[in-house]
Amino acid sequence: EDFLPALLGKSWQRDKPLCWELYGNKAAIDETGRWKWLYAAREKQEYLFDLHADGTENHNVITRHPEIAQRLKQCYERWAKENLVLPIEQVRPHQLIHRRRSIASKSRPKPLRAK
């Protein structure tokens with residue numbers, strides 16, 4: 001998506017929610033930029049913030065607006081599926097690096113010995 005108009009201070013509006021995932025934390029912001037849904041992986045808890053009223057994200061309003069949270073969660077899940085986002089439980093970067101190193105060390109050719 002082209003963010004250039006927004007960066008140049010021109011009028012710009014999203015036509016769909018903005019979604020992302022970072023270390024198992026999931027988030028979606030609606031098209032207007034008002035509502036942010038967040039799943040905090042460590043706490044295993046969902047949050048909904050009204051960014052117009054609470055830009056510092058201090059007040060979880062998910063119990064007052066469960067329908068908005070549900071819509072944004074569904075948008076996130078659809079985005080994650082379309083973009084092949086794997087659950088953090090299935091991907092451990094440090095384990096993948098270790099696995100690659102051990103596979104690489106096993107596949108190296110053995111040096112020839114002089115006879």
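Where a number appears in this text, it was derived from the coordinates with a stated rule and is not lab data. Keep in mind it's a predicted model, so treat the numbers as computed, not measured. Because the Cβ atoms are built from the backbone with ideal geometry, glycine has one as well, and the counts that use them run over all protein chains shown.
Each residue of the stretch 31-40 is assigned a 3J(HN,Hα), and the resulting list reads 4, 7, x, 7, 9, 10, 9, 9, 10, 8 Hz, derived from the Karplus form 6.51 cos²θ - 1.76 cosθ + 1.60 (θ = phi - 60°), x at Gly and Pro.
The distance between label points at S11 and E67 comes to 2.9 nm (points 7 Å beyond Cα on the Cα→Cβ vector). Shown here for the stretch 30-84: trypsin sites (Lys or Arg not before Pro) in loop regions (DSSP other than H, G, I, E, B) with at most 10 other Cβ atoms within 10 Å, namely R42, K44. The label point for A40 and the one for N60, both projected 7 Å from the Cα toward the Cβ, are 0.7 nm apart. Between the amide H of I62 and those of L48, distances stay under 5 Å, these residues lying 5 or more places away or on another chain, with hydrogens modeled in the peptide plane.
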